[in-house]
Amino acid sequence: MKKGLFHILLLSMLCVVSCHRRPVYSSILYVADSLTNVAPQRALQMLDSIVGEMAEANKPTRMYYQLLTVKAKDKAYIPHTSDSLMLTLVDYYEHGGDKSLLPEAYYYLGSAYRDLNDAPRALDYYQKAIDAMPDEEHLAVKSKVYAQMGDLFTYQDLYSEALTKYKASYQIDLLQNDTIGLLYDLRDIATAHWGAESLDSALYFFEEARQLADKYENNEFSNLITSQIARLQTELGNSLLAKELIQPSLDHINLSNAVSVYSIAAKAYYDLAMYDSASYYYKKLIEYNNVYAQRTGNQYLGKIANIQNRPKEAIDYIDKYHYWNDSIRKISSTESLARMQSLYNYQKAEQEIATLREIHSNNIIAIIVLIFVLLLIIALGAILYLISMRRHDKFQTEIYHHELEEERLRNLIRKSISYKNAKIIDLSENLQKVSLQKNQLSRSEYSNKIRINQNIVLINNLLQEKEAYEQERKEKENSTVALRESLIKQRLDKMIEAKKHMRIEEWDLVGKSLSEIQPNFTTQLLTFTEYGGTEYKISVLTKFGYNTSEMATLISLSISGVSMSRSRLYEKLFSRKGTTEDFNRFILSL
């Protein structure tokens, strides 16, 4: 008994030692891990190059490879579309995998739920990641986790909670002397104060961020923060100061900041009644394909035109403003619904956690009593087991003698049965031979009849399908010819010759012609495009047979803009890139 206990203890110690020994991975995986933070696309290429090797690797290496792939995609801003892989990785690292990687597994599962708009579960796994990290380890990951939690709270307009997380991230980056991290922390803290309408506090932290950026000569970030300060100053009514602050950013315009910088500069000039300068920057603003820029630009250009007594221009700009405002209202309605749902889920989860904690506290005594009762039952069971073993030994000898006698009788019976079985087998074999010959003849004749009937049915089905296909093809050809010979087609051809773009009434006539000639086309088209939108217009003009340059003329869009919209729509529908011919074939098939 003592020897057996010793063996159990020894095996337990070996298991503990093996569980805490960190596996050694391939050097290329360590290199890929180091690249994820600075060059995630390069890391993905490196990981793709060894995907074949991973099929033969051991489980720890395969799991580490999958975690690195998720990490590199996250760093490359490729959104998560499912939580299944990360759930598998978390389960593995929770139950025997490399425990040092568990915090990162929690973090990326939280990021998956973040991309899936499930804020409560994202926050839950972010908190698990924090709890799984020792105080002095994983500081870089811990800082990112706090920042991500702050972003989730900000999205739900919970600015007090967001500030707590942003400040925690700031303290960690301060401890690590992470300058870039500190810059973003200060910006996030300022933004949270701004959302909470603490504008003076927001201005203070923006100034702190700008001074830090200037200290380390990070001009790009300094210009970014300065533009935010300028925007804040316009809200505080300091438009003259805002105009001075935004000027350096106007000298360093790029695609990422153009809309924001032009919007701030235009507003400052407008508030100062410098309408010509304001018009210049508002016109710059509406050059960008951004719904918010279009709405703001057209709104204020309409106001300026009205102030300068240009009523026709004012009406045109205001009409465009209402169009873009309606588009934004639809987007905002969807986002508000998602944010309210996420906030409801978060608050509901918090209530459930509080309820579970209360239930847990109330059940502690019951659990202790239950454990005591279980121990008592186990002790009684052990005593009964010992008594039963003694009785078992007593009966075992008697059973042995009975079994010997029974075995002798079974042998006699077995010999008699064997003789009779041999006779039965001979007779059965002869009967089966006769039955088999008869069944083979009947089965062959039946199979031939079935094959003939099946072929007849198949031929009839094929003829019916061919006839239906020919009928559908003829109808499509006739409707397409009718569409391209219609009066509205002739009207559009003249507009192309005159370099004019289509107005609302032309689009109404086009919609009416489509509904009359090819009603199914309009119905199908509206299932994946919005009526009157760019994708809708391009699809309709494709049905009319126009090429890219003709479309660009009719909808007042660049040729590249038409091509990009067509490519985006095809990729959205089929989840892969396609050529112009692929797109045209699809539209013409509707």
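The values are calculated or read from the model by the stated rules, or taken from the named source; none is laboratory data. A quick note: this is a predicted structure, and the numbers were derived from the prediction, not measured. Ideal geometry is used to build each Cβ from the backbone, glycine not excepted, and the neighbour counts take in all protein chains shown. The accessibility values were calculated without ligands, DNA or RNA, using every heavy atom of the protein model including side chains. Shrake-Rupley method; radii C 1.70, N 1.55, O 1.52, S 1.80 Å.
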Exercise for the section: Check Y531 against each of (1) under 32 Å from the mean Cα position of the chain (by Cα); (2) modelled with pLDDT of 85 or more; (3) open to solvent by 40 Å² or more (accessible area, probe 1.4 Å) and name the one condition it does not meet. Expected result: (2)
Practice task
Output the number of residues of the range 496-515 satisfying the condition of being in a helix (DSSP H, G or I), open to solvent by 20 Å² or more (accessible area, probe 1.4 Å) and hydrophobic (A, V, I, L, M, F, W, C).
Solution key: 4
Exercise for the section: Of all residues in the range 238-277, count the ones that are of a type in the set (D, E) and either part of a loop (DSSP other than H, G, I, E, B) or crowded, with 19+ Cβ neighbours inside 10 Å (or both). Expected result: 1
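Inspect the range 38-61 for any residue being without any contact (Cβ under 8 Å) to a residue 60 or more places away in the chain, charged (D, E, K, R) and closer than 23 Å to D131 by Cβ and give the result as yes or no. I'd like the intermediate steps shown before the answer.
Pass one, the range 38-61, residues without any contact (Cβ under 8 Å) to a residue 60 or more places away in the chain: 38-61.
Among the residues that remain, those that are also charged (D, E, K, R) are: 42, 48, 53, 56, 59.
Right, trim to closer than 23 Å to D131 by Cβ and you get none.
No: the range 38-61 contains no residue that is without any contact (Cβ under 8 Å) to a residue 60 or more places away in the chain, charged (D, E, K, R) and closer than 23 Å to D131 by Cβ.
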Practice task
Taking the options A105, A122, A162, name whichever one is open to solvent by less than 20 Å² (accessible area, probe 1.4 Å), in contact with a Lys or Arg (Cβ under 6 Å, 6 or more places away or on another chain) and small (G, A, S).
Solution key: A122
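Tell me the residue from Y204, Y269 that is among the aromatic types (F, W, Y) and within 30 Å of I307 (Cβ to Cβ), please. Full working, then the answer.
Details: Y204 fails: within 30 Å of I307 (Cβ to Cβ).
Of the residues listed, the single one that is among the aromatic types (F, W, Y) and within 30 Å of I307 (Cβ to Cβ) is Y269.
This table checks each residue for (1) in contact with a Leu (Cβ under 6 Å, 6 or more places away or on another chain); (2) under 30 Å from E197 (Cβ atoms); (3) hydrophobic (A, V, I, L, M, F, W, C); (4) in a helix (DSSP H, G or I).
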| site | (1), (2), (3), (4) |
| --- | --- |
| A57 | no, no, yes, no |
| P79 | no, no, no, no |
| S82 | no, no, no, no |
| L87 | no, no, yes, yes |
| G110 | no, yes, no, yes |
| P134 | no, no, no, no |
| V141 | no, no, yes, yes |
| D157 | no, yes, no, no |
Problem - Members of the range 552-572 that are open to solvent by 60 Å² or more (accessible area, probe 1.4 Å) and either within 26 Å of the chain's Cα centre (by Cα) or of a type in the set (D, E) (or both) - result: M564, R568, E571, K572
Exercise for the section: May I ask you to say which residue of L186, L175 is assigned to a helix (DSSP H, G or I) and surrounded by fewer than 18 Cβ atoms within 10 Å (Cβ to Cβ)? Expected result: L175
Exercise for the section: Taking the residues in the range 207-217 that are open to solvent by 40 Å² or more (accessible area, probe 1.4 Å) and not hydroxyl-bearing (S, T, Y) as candidates, determine which candidate is farthest from I189 (Cα to Cα). Expected result: E217
Completion exercise
Within the range 49-72, residues being under 17 Å from the mean Cα position of the chain (by Cα) and buried (at least 20 other Cβ atoms within 10 Å of the Cβ) number 4
Completion exercise
Within the range 406-428, restricting to residues that are open to solvent by less than 90 Å² (accessible area, probe 1.4 Å) and of a type outside the set (A, V, I, L, M, F, W, C), the one that is modelled with the lowest pLDDT is S416
Exercise for the section: Please identify the pairs in which a residue from the range 561-590 that is closer than 21 Å to T522 by Cβ has its Cβ atom under 7 Å from the Cβ atom of a residue that is part of a loop (DSSP other than H, G, I, E, B), counting only partners at least 6 apart or on another chain. Expected result: Y570/G578; L573/F528
Practice task
Consider only pairs whose beta carbons are under 8 Å apart and that are at least six residues apart or on different chains; among these, list those whose first residue lies in the range 23-35 and is in contact (Cβ under 8 Å) with a residue 40 or more places away in the chain and whose second residue is in a helix (DSSP H, G or I) and β-branched (V, I, T).
Solution key: P23/T61
Handout entry: the range 91-102 - residue that is more than 15 Å from I130 (Cβ to Cβ) and assigned to a helix (DSSP H, G or I) and, of those, most open to solvent (accessible area, probe 1.4 Å)
Key = K99
